[in-house]
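Input: a single structure, listed below in structure tokens.
The values are calculated or read from the model by the stated rules, or taken from the named source; none is laboratory data. This is a predicted model, so every value here is computed, not measured. All Cβ positions, even for glycine, are placed from backbone atoms using ideal geometry, and neighbour counts span all protein chains on display.
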Amino acid sequence: MAKSPARAGRRTRTRWGLWVLAIIAALVGGAAFAFRAEIGGYGAVSAAYTARVACSCRFVAGRPLKDCAKDKLAGMEAVTLVEDVETKSVTARFPLVASATATYREGFGCVLEPYES
């Protein structure tokens, strides 16, 4: 039995689609590799800034962490926040790049870890 032309056309489109996706993935990966220093720096600064601001919001101002998440600057939407009430600290994570923890210290406010007095 001969293959229908419609079926052969679908296979060709599927192959082209896979090649296009592979090329796009390679370009995105190459760009991420080329700009890894900038991405790492942005991630580290974003995590540290967000941890310190969220810690102050949570443990100095007394607001809930969900409300403090609204204080993130534009472009920092990828940074996630986790609080530890026992140690009075907030950890901010920029996925796959960086994380930072800020802890409330009496008399000092919120400071980034590691902190040595």
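Worth a mention:
Residue by residue, here is whether (1) touching a helix residue (DSSP H, G or I) at 6+ places or on another chain (Cβ under 6 Å); (2) not acidic (Asp, Glu) holds:
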site: Val60; (1), (2): no, yes
site: Lys70; (1), (2): no, yes
site: Val79; (1), (2): yes, yes
site: Asp84; (1), (2): no, no
site: Ser89; (1), (2): no, yes
site: Ala92; (1), (2): yes, yes
site: Leu96; (1), (2): no, yes
site: Ser99; (1), (2): yes, yes
site: Tyr104; (1), (2): yes, yes
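- Tally, over the range 82-97, of residues that are touching a strand residue (DSSP E or B) at 6+ places or on another chain (Cβ under 9 Å) and more than 20 Å from Gly40 (Cβ to Cβ): 7
- Candidates Leu73, Leu96 - the one that is within 16 Å of Ile39 (Cβ to Cβ) and loosely packed, with under 14 Cβ neighbours inside 10 Å: Leu96
- Residue match in the range 15-34 (condition: in a strand (DSSP E or B), surrounded by 10 or more Cβ atoms within 10 Å (Cβ to Cβ) and either modelled with pLDDT of 85 or more or touching a helix residue (DSSP H, G or I) at 6+ places or on another chain (Cβ under 9 Å) (or both)): no
- Residue match in the range 80-94 (condition: part of a helix (DSSP H, G or I) and either modelled with pLDDT under 90 or within 19 Å of the chain's Cα centre (by Cα) (or both)): no
- Residues located in the range 69-79, provided they are at pLDDT below 90 and either assigned to a helix (DSSP H, G or I) or not small (Gly, Ala, Ser) (or both): Ala69, Lys70, Asp71, Lys72, Leu73, Met76, Glu77
- The residue that is surrounded by the fewest Cβ atoms within 10 Å (Cβ to Cβ), among those in the range 99-117 that are among the hydroxyl-bearing types (Ser, Thr, Tyr) and either farther than 15 Å from Ser46 by Cβ or modelled with pLDDT of 95 or more (or both), is Ser117.
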